[in-house]
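Comments concern the structure below.
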Amino acid sequence: MNNEHYKYLLTENDLPKSWYNINADMPVPLTPVLNPQTREPITAEFLNVLFPMSLIEQEMSTDRYIDIPEEVREIYKLWRPTPLLRARRLEKALGTPAHIYYKNEGASITGSHKTNTAVAQAFYNKIDGTRSLTTETGAGQWGAALAVACKFFDMNLEVFMVRGSFYDKPYRRIIIESYDAEIFPSPSDRTDYGRKYLQENPEGPGSLGIAISEAVETAVKSNGEKKYSLGSVLNHVLLHQTVIGQECLKQMEMADEYPDVVIACCGGGSNFGGIAFPFLHRNLTEGLQTRIVAVEPQATPTLTKGLYAFDYGDTAKMAPILKMFTLGHDFIPAPIHAGGLRYHGMAPQICMLYDAGYIEAVAIPQLETFEAGVLFAQTEGIIPAPESSHAIRAAIDEALDAKEKGEERVILFNLSGHGLLDLSAYDAYHQGQLVNDTLDVNPEEIRKMLPKVDF
Ligand SMILES: *Cc1c(COP(=O)(O)O)cnc(C)c1O
């Protein structure tokens, strides 16, 4: 028994050799992806304008395991395997009999899980001959991850960063520039869509949906010179993140325990899918009943209050139409500090599983997440990303529920990133400037903006 331990560490030899593809075990039929112009099922040719063929194959694959290329594993070794920790000091502060474990993806080179897919996407683009990538970023985590990955594979990168964050939170912009990528505030005057939007809304703060439109337009109009890269939502992105959960399976074994509940915050769904899918695999194939909980902000309650419908992935209606829980592609979120959790939609794989009852979802107000993040910092020492604090809040609530019921519940959550570049958000919290933004969702308003489709 290893029961005195705090950390469960794997060696580089334990790094997974393949990614786990949940489409092989999906208990419900896969929903089609539609072409935004024809609203018919999308073709590989259409997708190939945006993505290299190797990633499109992964997007559509139903193979259960997909080999991780040696070049990608070599780069993963800069920070992987990441540690699993038992949050003993947090447990003590809560006085709970529950055992709380967390996977520290904040240990990556850019401070979040996003590098897991950034490196893979840059690699596949490189071998397919792409010289230049475009992307969007909200708070800057994805832009930073893709910028370093592009540098490692000697590719150019253009990043469209949501304007509010570009000016209010300069540090990730500086990181992106340090990795030698180009970065522009979005809406920008570099695209037709950005110019049009600026004319109509000169003071608009921008949104992830608008930034995606600008990055997609830049790739589409480059005559094949540039491809586009997305940091969440799509199947291949969630696939690449499954290194997280696969490592956790081994580490929980080292701890001689197995989680009763697995928790992660959910923006587009990639860190959630990354930790949860390998555990769902065991639920689906071995009949285990681990509860899987997605946590979102009350200001962006996509799963808990959105409509399950076909919607555009971006504001300008250029990105593929996906069946997902959505707040509507024109949605402009409240300026909460969990920038990574403000997308209007959600990964289709997660939506299918949620709709069919295989996973749970909760929405949490901003002040409670910061309260949880601060307690975590004061007990475990790590300042968590505001996004990750949503998972911490839900883990604490589970631990308190277990205390009330006198259960030794085993809780595992994903610490998707550290918050050292989000200190202005903590400052605002300490100064009492944060509020609980709750979104009142009007389903009729959302329904009005949805595309008409026959599926
Ligand atoms: C981007 C981000 C998220 C949200 O994205 P997902 O695709 O839902 O994982 C969560 N946490 C951190 C630290 C992030 O950077």
Item checked: region 326-346 - residue that is out of contact with any Asp or Glu (no Cβ under 8 Å at 6 or more places or on another chain) and buried (at least 22 other Cβ atoms within 10 Å of the Cβ) and, of those, modelled with the lowest pLDDT -> 333
Next item on the list: Residues that are β-branched (Val, Ile, Thr): find the strands (runs of 3 or more DSSP E) completely inside region 210-320 holding 3 or more of those.
Entry: 261-265, 291-297
Item checked: Count - residues of region 347-379 that are surrounded by 21 or more Cβ atoms within 10 Å (Cβ to Cβ) and in a helix (DSSP H, G or I) -> 13
Check: List, please: which pairs have Cβ atoms under 7 Å, are six or more places apart or on different chains, and start with a residue in region 268-282 that is farther than 19 Å from residue 343 by Cβ and end with one that is away from the ligand (no atom under 16 Å from the Cβ) and part of a helix (DSSP H, G or I)?
Finding: 278/246; 278/249
Check: Residues of region 1-34 being more than 20 Å from residue 104 (Cα to Cα), surrounded by fewer than 16 Cβ atoms within 10 Å (Cβ to Cβ) and of a type in the set (S, T, N, Q), which ones?
Finding: 18
Check: When you scan region 73-166 for helices (runs of 4 or more DSSP H) that lie fully inside it, which ones turn up with 2 or more residues that are within 14 Å of the ligand (Cβ to nearest atom)?
Finding: 115-127, 141-152
Check: How many residues does region 144-192 contain that are without any contact (Cβ under 8 Å) to a residue 40 or more places away in the chain, of a type in the set (Asp, Glu) and within 23 Å of residue 119 (Cα to Cα)?
Finding: 4
Notebook entry, point to check: Among the residues of region 386-420, which ones are out of contact with any Cys (no Cβ under 7 Å at 6 or more places or on another chain), more than 10 Å from the ligand (Cβ to nearest atom) and either free of Cβ contacts under 8 Å to residues at least 40 places away in the same chain or under 28 Å from residue 142 (Cβ atoms) (or both)?
Noted result: 392, 393, 394, 395, 396, 397, 401, 404, 405, 411, 413, 420
Notebook entry, point to check: Is there any pair linking a residue in region 327-348 that is of a type in the set (Lys, Arg) to one that is crowded, with 24+ Cβ neighbours inside 10 Å and not in a loop (DSSP other than H, G, I, E, B), with Cβ under 8 Å and at least six apart or on different chains, and which?
Noted result: 342/208; 342/297
Item checked: Counted residues, region 402-454 - those being more than 23 Å from residue 297 (Cβ to Cβ) and not acidic (Asp, Glu) -> 10
Notebook entry, point to check: Taking region 42-62 as the region of interest, how many residues are among the charged types (D, E, K, R) and either free of Cβ contacts under 8 Å to residues at least 40 places away in the same chain or exposed (fewer than 15 other Cβ atoms within 10 Å of the Cβ) (or both)?
Noted result: 2
Next item on the list: Mind counting the residues in region 260-275 that are crowded, with 24+ Cβ neighbours inside 10 Å and away from the ligand (no atom under 11 Å from the Cβ)?
Entry: 2
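The values are calculated or read from the model by the stated rules, or taken from the named source; none is laboratory data. A quick note: this is a predicted structure, and the numbers were derived from the prediction, not measured. Here the Cβ is made from the backbone with ideal geometry for all residues, glycine too, and neighbour counts use every protein chain on show.
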